[in-house]
Structures are given as C-alpha cells and as structure tokens.
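Rule-based calculations on the coordinates, nothing more; no lab input. The structure presented is a predicted model; accordingly, all values stated were derived computationally and were not measured. Glycine also receives a Cβ, built like all others from the backbone with ideal geometry; neighbour counts cover every protein chain displayed.
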Amino acid sequence: MLNHDMPLSIIDRLQFSKDSLNGTLPIHVIDGAKNWPAVKKWNPEDIANLVPSRQVDLTISLDGSFGINPDGLPSHPDTRKIIKNVSFREAALIISQNHDAQTRFYISQQSISQKLPELLNDIERWTTTDEGINIWFGSADVSSPLHYDPSINVFGQIYGYKEITLFSPADTPYLYPFPPDSLLPHLSFVDFSDPDLERHPQFLLATPIKVTLGPGQLLFLPPFWWHHVRSKTISISVNQWSSPRLHQYLGDGARDLLRRQLPIDRMQRKTQTNFMVSELLDGAEQLALLDPKLSIGALLAALNGTISYIDPKIHRQLQDKLLYLANQLDQFPQLPSTDIIHCVRQIRFSLNTVIS
Ligand SMILES: O=C(O)CCC(=O)C(=O)O
C-alpha cells in the first residue's frame with residue numbers, strides 16, 4: 001500500500017539513472033537538467049534565434065483557463081482558441097512581450113523532433129526514441145488541467161518556474177475522471193484552480209503533493225500519476241515520455257486506470273491498445289517463473305484490454321481461469337509456470353485469430 005504521506009523524494013543528478021525510470025513514486029531531481037545546454041541557451045527572447053523559420057500551434061486564453069471538456073473541446077470556448085501553424089518566432093515574441101496579464105499564450109506540447117528539431121541537441125535524452133519529446137513554452141499563470149498520462153515522464157524545467165501538483169493513481173476515486181468512453185478518459189472533472197466541492201466533494205480526500213520546479217530541475221513522474229501544472233512566471237519546459245515497465249502498469253491504483261482505459265482505447269487508439277496488450281503479454285510470459293503474481297496481474301490487465309476483440313465466452317473462461325490461478329497461488333506459491341504460460345498463449349491465440 002502506498003504511503004500517502006510519503007514526501008516526494010529529492011535527489012541529485014548523480015543519484016538519478018535509467019534505473020530510476022522503473023520507479024513507481026515521483027522524484028524531484030534538484031539539479032537534473034543543470035548541465036543541459038538548453039538551460040544556458042534558451043530564454044524567451046532568444047530561443048527563436050536558435051532555429052530557422054519554423055511553425056508551431058499557439059493556444060490563447062483570454063481568461064487564463066486552459067480547461068477541456070470530455071468531448072475534447074475547451075471548457076470556455078469564448079475565451080480560448082488555438083492558432084495552428086504560427087511562426088515560432090512570432091509566437092515567442094508574443095509570449096515574451098505580452099504585458100496584458102489577463103491574456104495568456106501557450107505553445108503547449110509541441111513535438112521538438114517534428115517542429116523544432118534544431119533544439120534536440122540542447123537536452124539530455126531520457127528516451128530511446130525522438131517521439132514523445134515536447135516543448136511547453138508560455139506566459140506566466142498558464143495551467144494544464146489535472147490529468148494523468150499512461151507513460152513515464154521526465155519533465156525538465158529550462159526557464160522560469162512551474163508549480164506541479166501530483167496525486168497518486170491510488171487517489172483516482174477522489175479525482176472524478178472523465179468517462180472511460182469519452183475522448184479524453186485521462187482528464188479529471190475537478191477544476192483544480194477553483195474546485196467545486198459541492199459537485200466533487202471527495203476531492204477533499206485526495207492527497208496533493210506539491211513541487212515547484214526551477215531552471216535546471218527535473219521531475220520524474222511515473223505513469224498514471226495525476227498532475228496539474230501551473231507556470232508561476234514565463235516558462236519553458238521539456239517533457240520526455242516513454243513506455244512504462246510492466247510493474248508500473250500494475251502498481252497501486254495504476255492497474256485500475258489501465259483496466260479502465262484499455263477496452264476504451266480500442267476505438268480511438270487501437271494501435272496503442274494492441275501495443276499495450278502485447279507488452280503485457282510479453283511481460284507476463286517473462287515473469288511467469290520469477291514473479292507469478294505479477295504475471296497473472298499483467299494477464300488480467302491484458303485480458304481486460306481484449307474485451308472488444310475476443311468472443312465473450314472465451315473471454316469469461318480465460319478470466320475465470322486466471323482468477324482460479326491467482327487463488328491457487330495464494331495457497332501454493334510454487335504454481336507451475338506452465339499454467340500461466342498456457343494462458344498467455346491462449347490470449348495471444350484468441351487475439352490473433354480475431355485481429356488477423
Ligand atoms: O507543463 C505543462 O503545462 C503540462 C505538462 C504535462 O502535462 C506533461 O508533461 O505531461
């Protein structure tokens with residue numbers, strides 16, 4: 001059981017390694033990005049000089065709200081708009097020279113490799129692929145709504161300050177996630193800046209962990225951790241997403257989010273779902289001998305993700321079988337791994353016959 005009162009661990013960059021990315025608790029790496037060239041070179045006035053003419057999307061909010069509805073549209077459509085493909089130079093100029101505190105601008109989640117590739121060399125890489133590396137560059141007091149991502153996140157603060165509020169995946173029952181079949185099942189209904197406690201009374205039961213990140217600092221965010229992010233000043237950050245390890249999918253609270261999300265992903269993100277399911281199956285197979293409990297957990301999650309693909313009768317049989325094996329395991333910890341591997345094969349087989 002996760003200890004809610006556990007403070008965020010604070011370490012220095014020498015203690016932070018690729019192995020740290022396997023963790024299930026967030027880590028503040030106090031000087032994690034200190035030596036990145038970006039921290040010396042990037043600032044709101046000059047960053048555009050580091051790239052040739054490039055285009056990005058710019059979000060504008062007239063009242064500081066960047067909230068989104070379950071249908072994927074802004075919660076305050078009258079005061080928010082996104083301008084696609086504006087010149088990065090112009091957008092940077094607007095952000096750095098804006099004196100109207102009411103109106104806020106955000107170049108948010110723009111892929112560095114696709115849109116500003118010249119900047120890639122200025123950051124230390126914590127992912128093996130270029131995908132999933134994004135820049136977040138905006139005015140003071142812009143916020144990203146409370147949400148989680150099913151990915152490992154290494155979040156680097158380059159310029160200015162950001163206040164990040166985290167909630168464990170185990171707090172999900174108090175955070176009112178959007179419906180599983182909505183466009184954005186990973187967002188919360190709670191307006192973090194102005195919570196409506198009549199509508200969302202349980203929010204009071206959630207345990208926030210607050211961290212302020214300044215230039216040269218890193219935050220490691222395990223998959224499925226909820227986060228709300230607000231800039232305290234003009235700010236430039238870079239995040240790097242990568243695929244979770246098996247046990248991170250299955251950690252406290254994370255498994256429920258994964259189970260909730262997998263069957264829904266079939267419609268919008270079929271490839272991602274298949275990818276997750278096959279990762280879970282591969283992981284379960286590898287772990288059958290070493291850690292049968294985790295292995296069965298992975299299989300149950302994978303099976304849940306296949307709910308729309310395989311014959312409901314077979315689905316139920318497999319689920320019963322896995323629950324039976326899980327019970328057996330409590331009594332006979334030396335359960336033969338062949339039983340588990342057999343289930344992996346059955347799920348794979350059922351999936352292949354339906355998908356192909
Ligand atoms: O910096 C922000 O505004 C949001 C970043 C974020 O949500 C993320 O890195 O997952």
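A few comments on the model shown:
- As a length-normalised measure over Cα pairs under 8 Å and 6 or more apart, the relative contact order of the chain settles at 18 percent.
- log₁₀ of I(q)/I(0) at q = 0.11 Å⁻¹ - segment 149-272, Debye sum with one point per alpha carbon: -0.41
- Annotation: amide H of A33 within the under-5 Å range of Q217, L218, sequence separation 5 or more or interchain, hydrogens built in the peptide plane.
- Computed lengthening from H76 to Q328, 0.36 nm per intervening residue step minus Cα-Cα distance: 85.4 nm
- Cβ-Cβ distance of D100 and K293, R₀ of 56 Å, FRET efficiency by 1/(1 + (r/R0)^6): the value works out to about 0.50.
- Inter-label distance, nm, simple model (7 Å from Cα along the C-beta direction), L62/Q317: 6.1
- Rounded to the nearest 20 debye, the dipole size of segment 130-262 about its Cα centre is 280 debye, using +1 on the Cβ of Lys and Arg and -1 on the Cβ of Asp and Glu.
- Once the Cα-Cα distance is subtracted from the 0.36 nm per residue extended length, the R199 to K40 segment shows a gain of 52.7 nm.
- Our helix-only sum for the chain, with -39,500 (n - 2.57) per DSSP H run of n ≥ 4 divided by its residues, gives a mean residue ellipticity at 222 nm of -10000 deg cm²/dmol.
- Nonlocal Lys pairs with alpha-carbon distance under 15 Å, the chain (8 or more apart, or different chains): 6
- Under a Gaussian network description of the chain, with springs only between Cα atoms under 10 Å, the residue in V86, V344, V277 that fluctuates furthest is V86.
- Between helix 270-290 and the chain there is an angle of about 50 degrees, using the helix long axis and the longest principal axis of the Cα atoms.
- Helix 312-331 and the longest principal axis of the Cα set of the chain meet at an angle near 80°.
- FRET E, pair D130, T207, Förster distance 41 Å, beta-carbon r, rounded to 0.05: 0.70
- Modelled FRET efficiency - R0 25 Å, T338 with D256, Cβ distances, 0.05 increments: 0.30
- For segment 9-244, the Kirkwood radius over C-alpha pairs fed into Stokes-Einstein at 4 °C and 1.567 mPa s yields D = 71 µm² per second.
- For peptides 53-61, 222-230, sequence by mean Cβ density within 10 Å, most packed first: 222-230, 53-61
- In terms of Cα atoms, the Rg and Dmax of segment 179-240 work out to 14.2, 40 Å.
- The angle between the Cα long axis of helix 88-97 and the main principal axis of the chain comes to about 70°, on a 0 to 90 degree scale.
- ³J(HN,Hα), Karplus 6.51/-1.76/1.60, whole Hz, each residue of segment 10-23, x for Gly, Pro: 10, 9, 9, 5, 6, 8, 9, 9, 4, 5, 4, 5, 7, x
- Ordering S151, S139, Q202 by the projection of their Cα atoms onto the charge dipole of the chain, which places +1 on the Cβ of Lys and Arg and -1 on the Cβ of Asp and Glu, puts S151 at the extreme positive end.
- For segment 161-174, putting each phi into the Karplus relation 6.51 cos²θ - 1.76 cosθ + 1.60 with θ = phi - 60° gives couplings of 10, 10, 9, 10, 10, 10, 9, 5, x, 5, 7, 3, x, 9 Hz, in residue order, rounded to whole numbers and with x for Gly and Pro.
- For segment 294-301, backbone phi angles converted through the Karplus equation (6.51, -1.76, 1.60; θ = phi - 60°) give residue-by-residue couplings of 4, 4, 5, x, 5, 5, 5, 5 Hz, Gly and Pro being listed as x.
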